[in-house]
Amino acid sequence: MANSLFEAKASWAGGLKLNVESRNHKWVIDEPEFLGGTDLGANPVEHVLGGLAACVGVLVSVFAPAHKVELKDYQVFAEGDLDLDGFQGLSDVRPGFSEIRYRVNIQSDSPKANIDALLAHIDKVCPVKDSLSGVAVLNEVAVAG
């Protein structure tokens, strides 16, 4: 299959709030009040974690049948450690996450070996996890007058 292009656009909505669009979907990104926002939406790093959790979740649903896992329910939790001093330029620590962790809780009567194989497969093929492992991010500067 050929490469597919995915796009998103963020437009400033005042303060630290942005309106984001991708295909025909729209959502708000904002910062919590303790970081100067109005807390009208999750912030960008929370969206990164949500993207990881959702990607893993989609893959659980997609690949469960192939691994003979009958799903009753599942949840995916993602969390990451971020030193706020990094992006604020207050210290020499990295501005991004120093570590991200995710956990999948699957409710199923299927054998544990099948569930383990499903989760191992997902860990190898998750596009968001792979992207977080290191992909070039290019800055194409455009300044409008």
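Where a number appears in this text, it was derived from the coordinates with a stated rule and is not lab data. Everything numeric in this text was worked out from a predicted model, so none of it was measured. Cβ coordinates were reconstructed from backbone atoms using ideal geometry, including for glycine residues, and neighbour counts include every protein chain displayed.
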Mean separation of Cα contacts under 8 Å (6+ apart) over length of the stretch 68-145, as relative contact order %: 30
Once fully extended, how much extra length lies between ASN43 and LYS26, figured as 0.36 nm per residue of separation less the alpha-carbon to alpha-carbon distance? 4.7 nm
Label points 7 Å out from Cα along the Cβ direction at SER61 and GLU33: separation in nm? 3.5
Can you tell me how much longer the chain between ALA54 and SER11 gets when fully stretched, taken as 0.36 nm per residue apart minus their C-alpha distance, in nm with one decimal? 13.1 nm
Label points 7 Å out from Cα along the Cβ direction at SER108 and ARG94: separation in nm? 3.1
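Net charge near GLU99: determine it from the other residues with C-beta under 10 Å of the C-beta of GLU99, scoring Lys and Arg +1 and Asp and Glu -1.
So the environment of GLU99 carries a net charge of -1.
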Descending Cα extents along the principal axes, the chain, whole Å: 59, 36, 29
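List the equivalent ellipsoid semi-axes of the stretch 1-42 in whole Å, largest first, each obtained as the square root of 5λ for an eigenvalue λ of the Cα gyration tensor.
Ellipsoid semi-axes (Å, largest first): 27, 10, 8.
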Rounded to 10°, Cα long-axis angle of helix 44-63 versus longest principal axis of the chain: 20
Please determine, in degrees from 0 to 90 and to the nearest 10, the orientation of helix 112-125 with respect to the longest principal axis defined by the Cα atoms of the chain, where the helix direction is its Cα long axis. 40
Using Cα pairs closer than 8 Å and at least 6 residues apart in sequence, work out the relative contact order for the stretch 1-42, in percent. 27
